Amino acid sequence: MSDTTRVYSYSAVLMGSPILLKLFSHDEALAARVFRLIKQYEDLLTVNRAQSQVMDINHAAGQHPVSVSGPVYALIKCAKAASMLPDSAFNLAIGPLVKRWRIGFRGDTVPPMEDIVRLLALTNPEQVLLNDAEQSVYLTQPGVEIDLGAIAKGYIADRVRDFLRKEGVVQGLINLGGNVQTLGTPEGGWSIGLKKPFSTSGAMIGTLDIANKSVVTSGVYERFFEHNGQIYHHILDPRTGYPLNNELDSVTIISEDSIDGDIWTTLMYGMGVEKGCAALRARPDIEAIFVTKAKEVVLSSSHHYRFTLLDNNYRLTGSTV
Ligand code: FAD
Ligand code: MG
């Protein structure tokens, strides 16, 4: 294999997630700079440590606004806009519930109903006040907490793509634990695997062939625990405070920007297959693949990618709306 077609893979663990970078040149220094960039964003955005710019906002809840850097402000503004969409399942103020459930972290438990009810009252996205002039964020009540876990990896994947492009890289791929962003079209294109839910062997339902696109998957099988035979996963329903319970095992979004993929996986989770496909008719730039518990794979459309089914236990259908 000549050097021009060889793929070099670099990996790291950041944001509690396996990170994979693929380049077509052997360039450890560039890979190190990519991982440093991701780490810088993690340090600004994390809510899993006592200090970050987002934690500064959370610590000041009910006390005073906090001015933050341009990227953090822009991301919070975008997350608030997604939270304010009609009937949105996306909620940037979901933090108190995420912290209480601890799904994916040590100490995960089903909270008593009264805790859920109490914490739900602290998750109204309108309690996140933004001031463009000051670039500041104010949480209006003590106990309100921002959590960007459903959007930050998408945002960061886009920043990595921009960085690689600026460095003259024409073909590359970054996978931030399920958030894939790609650059260019290598020979044969990029082939991205769609994971089989709950498979422990890394089995795939199928593959997506894409170029210059992001592929983001969110699934109930990624972070969950079982209690009394019931699965509790990490995508919470902001209306009930419990994990979203519907027909879906996973949603994959194919889009230009990974931030859209990250937002829309959550929105689609809230809508389910039928409403989701209907909503996407107005957005030809956003395409979804729904994997249902009944082993159906539903494509809202497939104008910007090609899907190949590999697992015959699944039935492939197009959108019926
Ligand atoms: P998505 O479906 O995109 O998002 C689900 C996550 O969003 C949940 O885990 C929760 O955090 C939040 N959420 C839940 N319900 C909603 C909702 N209705 N609306 C909006 N948001 C919701 N993991 C670790 O184990 N250790 C770490 O130290 C760690 N640090 C991180 C630092 C950063 C900056 C980021 C972005 C993530 C980090 N994570 C860490 C992972 C994080 O906890 C989430 O699990 C991860 O972001 C989920 O991404 P996803 O694409 O799998 O799921
Ligand atoms: Mg998301």
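The values are calculated or read from the model by the stated rules, or taken from the named source; none is laboratory data. The model shown is predicted, which means the values in this text are computed figures rather than measured ones. Neighbour counts run over all protein chains shown; Cβ positions are idealised from the backbone, glycine included. Note: areas computed on protein heavy atoms with side chains; ligands, DNA, RNA excluded. Shrake-Rupley method; radii C 1.70, N 1.55, O 1.52, S 1.80 Å.
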Kindly provide the set of residues from the stretch 124-155 that are closer than 17 Å to Gly62 by Cβ and not in a loop (DSSP other than H, G, I, E, B), ordered by number. Pro125, Glu126, Gln127, Val128, Leu129, Leu130, Asn131, Ser136, Val137, Tyr138, Leu139
Only one of Gly270, Gly219, Gly241 is within 16 Å of ligand 1 (Cβ to nearest atom), of a type in the set (Gly, Ala, Ser) and closer than 20 Å to Arg315 by Cα. Can you tell me which? Gly219
If a residue must be within 17 Å of Trp101 (Cβ to Cβ) and in contact with a Gly (Cβ under 6 Å, 6 or more places away or on another chain), how many such residues does the stretch 207-231 contain? 1
With the requirement that a residue be small (Gly, Ala, Ser) and within 16 Å of ligand 2 (Cβ to nearest atom), what does the stretch 8-32 give you? Gly16, Ser17
Out of the residues in the stretch 110-125 meeting the condition of being without any contact (Cβ under 8 Å) to a residue 60 or more places away in the chain and either within 16 Å of ligand 2 (Cβ to nearest atom) or under 23 Å from the mean Cα position of the chain (by Cα) (or both), tell me which one is most open to solvent (accessible area, probe 1.4 Å). Asn124
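Kindly state which strands (runs of 3 or more DSSP E) lie completely within the stretch 203-311 and contain at least 2 residues that are over 20 Å from Leu173 (Cβ atoms).
Working: elements: 204-210, 214-219, 224-227, 230-233, 248-255, 287-292, 296-299, 306-309.
Of the strands (runs of 3 or more DSSP E) lying wholly inside the stretch 203-311, those with at least 2 residues that are over 20 Å from Leu173 (Cβ atoms) span 224-227, 230-233, 248-255, 287-292, 296-299.
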What number of residues within the stretch 244-258 are open to solvent by less than 30 Å² (accessible area, probe 1.4 Å) and more than 9 Å from ligand 1 (Cβ to nearest atom)? 8
Only residues that are within 16 Å of ligand 2 (Cβ to nearest atom) and aliphatic (A, V, I, L, M): list them for the stretch 33-53, please. Leu45, Val47
Looking at the stretch 126-146, which of the residues that are more than 24 Å from Pro86 (Cβ to Cβ) and not acidic (Asp, Glu) is farthest from the chain's Cα centre (by Cα)? Ala133
I'd like the residue in the stretch 153-175 that is more than 17 Å from Leu30 (Cβ to Cβ) and open to solvent by less than 10 Å² (accessible area, probe 1.4 Å) and, out of all such residues, is farthest from ligand 1 (Cβ to nearest atom). Asp158
With respect to the numbered conditions (1) hydrophobic (A, V, I, L, M, F, W, C); (2) touching an Asp or Glu at 6+ places or on another chain (Cβ under 7 Å); (3) open to solvent by 30 Å² or more (accessible area, probe 1.4 Å), which one is the sole condition not fulfilled by Ala282? (2)
